[in-house]
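Just below is one structure, and these are the notes that go with it.
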Amino acid sequence: MNEEKLSKRLETVASYIPKGATLADIGSDHAYLPCFAYLNGMITKGIAGEVAEGPLQSAKKQISKNQLTNALEARKGDGLEVIQPNEVTCITIAGMGGSLIRSILDKGKSKLRGVERLILQPNIGASTIREWLIENDWELIAEEILEEDKKIYEVLVAEKGSPQKPYQNIDQELLLGPFLLKEKSPIFIKKWSHELKHWERILNQLNDAEETTENRLRKEELEQKIEIVMEALT
Ligand code: SAM
């Protein structure tokens, strides 16, 4: 992967950047995504945000190597602290856990003024992001699921709007994704069949284990999720 040829995962994220956007890519690492987006005429300006010094230096090198310092800037900071309100129109956050993405959005709420689109690619825990989007008036407008190097990724795209709009059966759709559930692609079926087997194994172990309050709550939670997924897959 480099700034000319992204991974399938980041290419999917990039495909949702609106043309002419000003972009903040949070947790940018090598800044491949903003470099690719600028070199392909998708954005007019970009910020690569990084909390860690090593990746920040990689992002800076990448931007200089491509002679893009007039359009792209690497900034060090935690989450959305690297941008000002009304500075960007699109934010991408990719390759992290759903809880971390949620906390970055939540801590940086005041910086979301002027942002028209969020493109979020959690490695796990997409449901917690869907919950945050509903609670904060962001409407999920598209979802993608893809497989690369034997890993399955989800991409969530949201805009300010009617947060409840895509949802009809909220518990099921928060977990599985309203658009992904409707589409039920082979990758979706593969992901959730695998999760189902995993949860059933844990449930069997819990059934054999000592009956504690913690185990009982964990079992209830798993049984509920298994029911939701089985209903979706049948
Ligand atoms: N976005 C790239 C991608 O999807 O390939 C890089 C993903 S990499 C696994 C995660 C990056 O996020 C790391 O470089 C890490 O330093 C950065 N990161 C983690 N927490 C962050 C935060 N709170 N604010 C900014 N960057 C963060």
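Side notes on the structure shown:
Here's the yes/no breakdown for (1) within 11 Å of the chain's Cα centre (by Cα); (2) more than 20 Å from residue 24 (Cβ to Cβ):
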site: 101; (1), (2): yes, no
site: 111; (1), (2): no, no
site: 114; (1), (2): no, no
site: 122; (1), (2): yes, no
site: 127; (1), (2): yes, yes
site: 130; (1), (2): yes, yes
site: 149; (1), (2): no, yes
site: 153; (1), (2): yes, yes
site: 158; (1), (2): yes, no
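- Screening 131, 116 for residues that are touching a strand residue (DSSP E or B) at 6+ places or on another chain (Cβ under 7 Å), acidic (Asp, Glu) and surrounded by fewer than 22 Cβ atoms within 10 Å (Cβ to Cβ) leaves exactly one candidate, 116.
A short reminder: the numbers here are calculations on the coordinates, not readings from a lab. For clarity, every value in this text was computed on a predicted model and none was experimentally measured. Neighbour counts are summed over all protein chains in view; Cβ atoms, including those assigned to glycine, are modelled from backbone coordinates with ideal geometry.
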